[in-house]
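Working notes, beginning with the structure itself.
The values are calculated or read from the model by the stated rules, or taken from the named source; none is laboratory data. The shown structure was predicted, so the numbers you read here are calculated from the model rather than taken from an experiment. Ligands, DNA and RNA are excluded from the accessible area calculation, which covers all protein heavy atoms including side chains. Shrake-Rupley method; radii C 1.70, N 1.55, O 1.52, S 1.80 Å.
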Amino acid sequence: ALSGIHNSKMNFSKFYNRYSGQRCFILGGAPSLKNEQLELLKNEKVFICNKGFKALEIGLDHYDFYVLADASVARENYDQIETQINSPRFYSSSVARKVDFTHDYIKYIRGTGKPHVALPTSVEAGWGKVGTVVLDATILAYLMGFKEIYLLGTDLDYSANNTHFYPDDQREIRQRNIMNMKLVLRNLKGVSKQLALHNVIFRNLSQGFNHKNICPVDRLQNII
């Protein structure tokens, strides 16, 4: 399952600007996701990220897109990801390089160099290290034409005992100490500003997000 020999034939062209003018919701894995009324998303376009398929266990009834950026998540959940994801898949270049999935997916270039927040013109051009898969999904949603992008389960707070809506595994517990939250918040602020310049409505709806100076906030019940 490692060292990819499978080359996906899919490209991003059929998704580019396909959802022009529509809205979407991007789900992170933070604890507050358990407190959201996920049933309200029944008729919405929904992105899940990394282990976000576990949200089906807490009330999410569907998702439309799957974004995978973490090769460790890919390895540890290989069988489930390989057989049970039922939506278009978008995998980072790191996942594509390190893990050999047999299904087709779209690869996006996620750099490891100096972060930047300028929005790319294409998936092929890629972008810098944004620090969280949720921002990868946000940029993909922008390229897909969505004009309203809302985050849920994106608390960006690693001070609690549990950092996800599901029980943390040992690697995630260790990750608390090395997660560069300053980088993530800086890039969230930058992406938010760029989206505003492109007339995209962007809000963090997460109940556990307490960085109101970083990007606009709201609540799910006010949007739907």
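Of note:
- Under a 5 Å amide H cut-off, with hydrogens placed 1.01 Å from N, V99 pairs with S3, G4 among residues at least 5 apart or on other chains.
- Where (1) 36; (2) 31; (3) 40 are the candidate values, the label of the one calculated here for percent of Cα pairs over 26 Å apart is (2).
- Across segment 184-197, computed HN-Hα scalar couplings (Karplus, 6.51 cos²θ - 1.76 cosθ + 1.60, θ = phi - 60°) run 4, 5, 4, 6, 4, 4, x, 5, 4, 5, 5, 4, 4, 5 Hz from first to last residue, x flagging Gly and Pro.
- What the chain shows is 47 Å² of accessible area per residue, with the surface traced by a 1.4 Å probe over protein heavy atoms.
- Long-range amide H partners of I26 with built H, under 5 Å: F47, Y150, L151, L152
- Dividing the mean sequence gap of close Cα pairs (under 8 Å, 6+ apart) by how many residues segment 22-83 holds gives a relative contact order of 31 percent.
- Karplus-based coupling profile of segment 92-104, in residue order and whole Hz: 5, 4, 5, 5, 4, 6, 9, 10, 9, 8, 8, 7, 7, with θ = phi - 60° in 6.51 cos²θ - 1.76 cosθ + 1.60 and x standing for Gly or Pro.
- Set of lysines near K14 by C-alpha distance (under 17 Å), chain-local residues within fewer than 8 positions excluded: K45, K107
- Bridgeable aspartates and glutamates around K147 (alpha carbons under 19 Å apart, same-chain partners fewer than 8 residues away excluded): E44, D64, D136, D218.
- Cα-based reach from K34 at 18 Å (exclusive), listing lysines while leaving out same-chain residues under 8 positions away: K42, K51, K54
- Cα-based shape type of segment 32-143, given that a ≥ b ≥ c are square roots of the gyration tensor eigenvalues and the cut on a/c is 1.5: oblate
- Rounded to whole numbers, the Karplus 3J(HN,Hα) couplings from phi for segment 59-73 are x, 6, 9, 6, 8, 10, 9, 10, 10, 10, 10, 9, 5, 5, 4 Hz, using 6.51 cos²θ - 1.76 cosθ + 1.60 with θ = phi - 60°, and x at Gly and Pro.
- Whole-percent carbon and sulfur share, accessible surface of the chain, 1.4 Å: 47
- When shorter helices are ignored and each DSSP H run of at least 4 residues is given -39500 (n - 2.57), the per-residue value for the chain at 222 nm works out to -7000 deg cm²/dmol.
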